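Scroll down for the structure; my scribbles are underneath it.
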Amino acid sequence: MKKPLLLIVLLFIGLASYSQSNDYIEMSREVIKVGTKDAIGSVLNLTDAQKTAFWEMYSEYEAENYKVQNKRIAIIKDFADNFENLTDEKASTLVAQSFGYKEDVLKLKKKYYKKATKIIPATEAAKFIQALNKIDDLINAELALEIPMLKTD
């Protein structure tokens with residue numbers, strides 16, 4: 001799993017720059033999508049009978065996750081647009097949106113863990129969620145490095 005995760009992190013570096021164009025963001029998201037799928041495939045022990053159902057379920061997850069990640073990108077862009085003149089009201093709005101995004105991510109993972117356990121053993125479903133969490137942690141670490149802290153007086 002190390003090689004696919006390293007690839008995801010390296011490719012995410014460009015996406016983390018919140019001033020990137022929409023085309024660049026979409027290209028980066030596609031690369032991350034492929035890297036994530038490769039990483040998950042490398043850690044799961046799926047039988048031939050499980051593979052089709054699992055990857056169909058995973059495709060559903062990706063489609064829903066894409067929508068959730070759109071929220072994150074919108075929050076980052078909004079932060080960037082308001083960075084120089086961020087008001088208390090806007091800061092509160094962005095924080096509330098960020099909490100909502102994190103809740104959506106957790107709901108999505110819970111939903112797909114439950115779906116995965118209907119296809120594969122719970123131990124494999126747990127590895128699936130663990131792989132998603134590790135990838136998210138790497139992306140979050142990169143974002144933390146790239147997005148500047150607010151300057152307050």
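The values are calculated or read from the model by the stated rules, or taken from the named source; none is laboratory data. This is a predicted model, so every value here is computed, not measured. Virtual Cβ from ideal backbone geometry, glycine too; neighbours counted across all protein chains shown.
Residues of the stretch 23-42 being modelled with pLDDT of 90 or more and either surrounded by fewer than 17 Cβ atoms within 10 Å (Cβ to Cβ) or among the hydroxyl-bearing types (S, T, Y) (or both), which ones?
G41, S42
Quick check on the stretch 134-153: of everything there that is among the acidic types (D, E) and surrounded by 15 or more Cβ atoms within 10 Å (Cβ to Cβ), which residue is nearest to the chain's Cα centre (by Cα)?
Step by step, filter the stretch 134-153, then rank; the result is E142.
Which of the residues spanning the stretch 112-129 are part of a helix (DSSP H, G or I) and either in contact (Cβ under 8 Å) with a residue 12 or more places away in the chain or within 30 Å of A80 (Cα to Cα) (or both)?
Result: Y112, Y113, K115, A116, E124, A125, A126, K127, F128, I129.
Return yes or no: is K90 farther than 30 Å from D48 by Cβ, modelled with pLDDT of 90 or more, surrounded by 13 or more Cβ atoms within 10 Å (Cβ to Cβ) and of a type in the set (K, R)?
In short, yes.
Among the residues of the stretch 117-133, which ones are within 18 Å of the chain's Cα centre (by Cα) and either surrounded by 15 or more Cβ atoms within 10 Å (Cβ to Cβ) or under 17 Å from M57 (Cα atoms) (or both)?
Listed by number, the residues that qualify are A125, A126, K127, F128, I129, Q130, A131, L132.
Among (1) surrounded by fewer than 14 Cβ atoms within 10 Å (Cβ to Cβ); (2) in a helix (DSSP H, G or I), where does N45 come up short?
(2)
Would you say K67 is modelled with pLDDT of 85 or more, basic (K, R), assigned to a helix (DSSP H, G or I) and under 30 Å from T123 (Cα atoms)?
So K67 fits the description; yes.
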